[in-house]
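Okay, structure first, notes after.
The values are calculated or read from the model by the stated rules, or taken from the named source; none is laboratory data. Since we're looking at a predicted model, the values are computed, not measured. Please note: Cβ atoms are built from the backbone with ideal geometry, for glycine as well, and neighbour counts cover all protein chains shown.
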């Protein structure tokens, strides 16, 4: 009986400790270079700023003269983002889901409702004005 009580106390202690706590998501805030495939099949390159806001992120892409704005959050090893783009015809919306790699690179797929496909985009962190 004493052994059972000690074993139970150990289990309760372990379960309540940080040993089994869920790891905090990485802080993705920073500057990135984006490289992706457009809906026309061409390659694009731009710059992305990721800002931490409470438990989520504000993301701004600048590709050429076009600016996209988004909000997102991390769930496990994914950053999921909804984005908007102001156009002469109104506001375009879309989504992108990035897999967070160990080196900080974000490898994603994006689309919007007006398109027939899903396209690639990779964000590479820029540290001290150098790509990692």
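Just the residues that are under 10 Å from residue 32 (Cα atoms), part of a loop (DSSP other than H, G, I, E, B) and either modelled with pLDDT of 95 or more or in contact with a strand residue (DSSP E or B) (Cβ under 6 Å, 6 or more places away or on another chain) (or both), please, taken from the stretch 117-132.
Within the stretch 117-132, 132 is the sole residue that qualifies.
Exactly one condition in (1) at pLDDT below 95; (2) surrounded by 13 or more Cβ atoms within 10 Å (Cβ to Cβ) is not met by residue 79; state its number.
Only one criterion in (1) at pLDDT below 95; (2) surrounded by 13 or more Cβ atoms within 10 Å (Cβ to Cβ) is unmet by residue 79, namely (1).
Six or more apart or on different chains, Cβ atoms under 8 Å: show the pairs whose first residue is in the stretch 90-105 and on the phi > 0 side of the Ramachandran plot and in contact (Cβ under 8 Å) with a residue 60 or more places away in the chain and whose second is surrounded by 13 or more Cβ atoms within 10 Å (Cβ to Cβ) and assigned to a strand (DSSP E or B).
Pairs that qualify, where the first residue is on the phi > 0 side of the Ramachandran plot and in contact (Cβ under 8 Å) with a residue 60 or more places away in the chain and the partner is surrounded by 13 or more Cβ atoms within 10 Å (Cβ to Cβ) and assigned to a strand (DSSP E or B), are 104/125.
Could you identify the single residue in 97, 114, 80 that is out of contact with any helix residue (DSSP H, G or I) (no Cβ under 9 Å at 6 or more places or on another chain), assigned to a loop (DSSP other than H, G, I, E, B) and within 21 Å of residue 37 (Cα to Cα)?
Only one candidate passes the filter, namely 114.
Does residue 28 satisfy the condition of being under 25 Å from residue 128 (Cβ atoms), modelled with pLDDT of 95 or more and not in a strand (DSSP E or B)?
yes
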